[in-house]
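Working notes, structure below.
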Amino acid sequence: METALFTVQSTYTEAMIANLSDVVWKYGEIGRRSRLLITGMVVVLAVLLLLLTDKWWLLFAVLLGWLIGLRLSPKMFAKQAIKAYRSNKSVQNLPLRFDFYNDYFTQTSKKGVTKIFYHDLHQIVIVDQMAYLFLAINQAAVVPLADLTASEVAFFETLKQQAK
């Protein structure tokens, strides 16, 4: 049986979900796609307004709507994620254990064990003493780094560099 390089304990909390949704919006592919879609729609609408009307105030209203939309979208995204977390009692405050090996990590909870190979990770983001190991564009294993040694934190930095 292979021995883990190191182990991290965590708890699946509402705050973790709020932070994850923020990271997904700021750094994840789904956030980039959403911002691009919102911006694209505004550009098309702005061009149509410029071509079809001389009412400049409409253009300013559209641009103001764009700015408000970009500010509110992450909040709506987080609200949706928190609502899903609150509706699923079985995952609330769920204790998690992550065991890290050379080629993969395991996530263990009372729900079971999941084995994920590093080469299968979609993206790795390290922000505010947390590592977000993205399994998909909107799903990540969230690993707290605050209690890890410098070499263990460096392990995540190396993973991040290799994932690029």
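Candidates 75, 83: the one that is more than 21 Å from residue 35 (Cα to Cα) and of a type outside the set (Val, Ile, Thr) is 83. Among the residues of the range 1-54, which ones are more than 20 Å from the chain's Cα centre (by Cα), of a type in the set (Asp, Glu) and open to solvent by less than 80 Å² (accessible area, probe 1.4 Å)? Within the range 1-54, no residue meets the criteria.
Right, residue 163: modelled with pLDDT under 90, in contact with a strand residue (DSSP E or B) (Cβ under 9 Å, 6 or more places away or on another chain), more than 19 Å from residue 19 (Cα to Cα) and open to solvent by less than 70 Å² (accessible area, probe 1.4 Å) or not? Criteria met by residue 163. Is it fair to say residue 38 is assigned to a helix (DSSP H, G or I) and free of Cβ contacts under 8 Å to residues at least 12 places away in the same chain? No, not satisfied.
The values are calculated or read from the model by the stated rules, or taken from the named source; none is laboratory data. Because the structure is a prediction, the values reported are computed rather than measured. Neighbour counts are summed over all protein chains in view; Cβ atoms, including those assigned to glycine, are modelled from backbone coordinates with ideal geometry. SASA here: full protein model, heavy atoms, side chains in, ligands and nucleic acids out. Shrake-Rupley method; radii C 1.70, N 1.55, O 1.52, S 1.80 Å.
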